[in-house]
1. Please count how many residues of region 59-71 are aromatic (Phe, Trp, Tyr) and either buried (at least 17 other Cβ atoms within 10 Å of the Cβ) or touching a Ser or Thr at 6+ places or on another chain (Cβ under 8 Å) (or both).
2. Confirm whether Tyr37 is aromatic (Phe, Trp, Tyr), assigned to a strand (DSSP E or B) and at pLDDT below 90.
3. Among (1) touching a residue at least 24 places away in the same chain (Cβ under 8 Å); (2) crowded, with 16+ Cβ neighbours inside 10 Å; (3) not β-branched (Val, Ile, Thr), where does Asn74 come up short?
Amino acid sequence: MTPEKEIILSVFNTLKYMDNNIANIIEDYIQGYFEEYNRLRGVEDPPSRETHTKARYRVKYGIKNGEYKEWYRNGVLRIYATYKDGKVHGEYKAYWSNNRLMLSFIYNEGTCELCEGSWDRAGNYLF
């Protein structure tokens, strides 16, 4: 265990009361359930040639759970989603590399329940 994780664990064990979500996040971090990686995505945004992204999400027992974030190479958020038992559950939002909203959906355990809309790069509502 790294010194950073040992410090977090020592503080975590001294707290009497803590929100369960925060406790789960801290425990997952200590156990190494967070997964972070860089990967080649292909040309997703041809005008700016943003081809590499970075993602961060929680994995428990090899399955995505909780918040998922993916960024363009320039540091702008590309995708925000939440997962439950490996399926998209709740918000799913995709952004252009200029930080404008591209798509917005609401999912229920992997099924798209609501398409809130789609926008072009300039921010104009498409549908």
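1. Number of matching residues: 2.
2. yes
3. Result: Asn74 passes all but (2).
The values are calculated or read from the model by the stated rules, or taken from the named source; none is laboratory data. For clarity, every value in this text was computed on a predicted model and none was experimentally measured. Don't worry about glycine lacking a Cβ; one is built from the backbone with ideal geometry, like all the others, and counts go over all protein chains shown.
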